[in-house]
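Have a look at the structure below, then the notes.
The values are calculated or read from the model by the stated rules, or taken from the named source; none is laboratory data. Since the structure is predicted, the reported quantities are computational estimates derived from the model, not experimental observations. For neighbour counting, all protein chains shown are included, and Cβ atoms are generated from backbone atoms with ideal geometry for every residue, glycine included. Only protein heavy atoms, including side chains, enter the accessible area calculation; ligands, DNA and RNA are left aside. Shrake-Rupley method; radii C 1.70, N 1.55, O 1.52, S 1.80 Å.
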Amino acid sequence: MVPGQLLAGEYPKNMEDDAASRAKLAVLTKAGVNTFIDLTQAGELSPYAQWLDAESQAYYRFPIWDVDIPDTSETTATFNEAVVCVIAGAE
């Protein structure tokens, strides 16, 4: 965590408890989190983006396989650049 700038954490969606998921997202929202970067593959986990406020919160997906890394250094550089651009734009 970088105070006032960056918070990294677990996937905010509880697998079988939508109320707990919404409560977790509400805590993040109250703490000032306004940009979510999802590293999961589409369909890998239950989505949560539908519970974000599209007017005040941004959602981005940069999928990588769980416990894996991009396959080439070029892919890694492109991935890193994209994520850094999103973070920089969220300030």
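General observations
- Given (1) closer than 18 Å to residue 87 by Cα; (2) surrounded by 11 or more Cβ atoms within 10 Å (Cβ to Cβ), index of the condition residue 48 fails: (1)
- Counted residues, the range 36-91 - those being in contact with a Pro (Cβ under 7 Å, 6 or more places away or on another chain) and of a type outside the set (A, V, I, L, M): 5
- Looking only at the range 53-69, and only at residues there that are touching a Ser or Thr at 6+ places or on another chain (Cβ under 8 Å), in a loop (DSSP other than H, G, I, E, B) and not polar (S, T, N, Q), the one that is least open to solvent (accessible area, probe 1.4 Å): 63
- Cβ-Cβ contacts under 8 Å between residues 6 or more apart (or on different chains), taken from a first residue in the range 64-91 that is touching a residue at least 60 places away in the same chain (Cβ under 8 Å) to a second residue that is outside any helix (DSSP H, G or I) and open to solvent by less than 80 Å² (accessible area, probe 1.4 Å), are listed as 87/6; 87/35; 87/37.
- Residue, surrounded by the most Cβ atoms within 10 Å (Cβ to Cβ), within the range 3-40, restricted to residues that are of a type in the set (Gly, Ala, Ser) and part of a helix (DSSP H, G or I): 21
- Out of 82, 88, one residue alone is closer than 15 Å to residue 7 by Cα and part of a helix (DSSP H, G or I). It is 88.
- Qualifying positions in the range 70-79 - open to solvent by less than 80 Å² (accessible area, probe 1.4 Å) and in a loop (DSSP other than H, G, I, E, B): 70, 72
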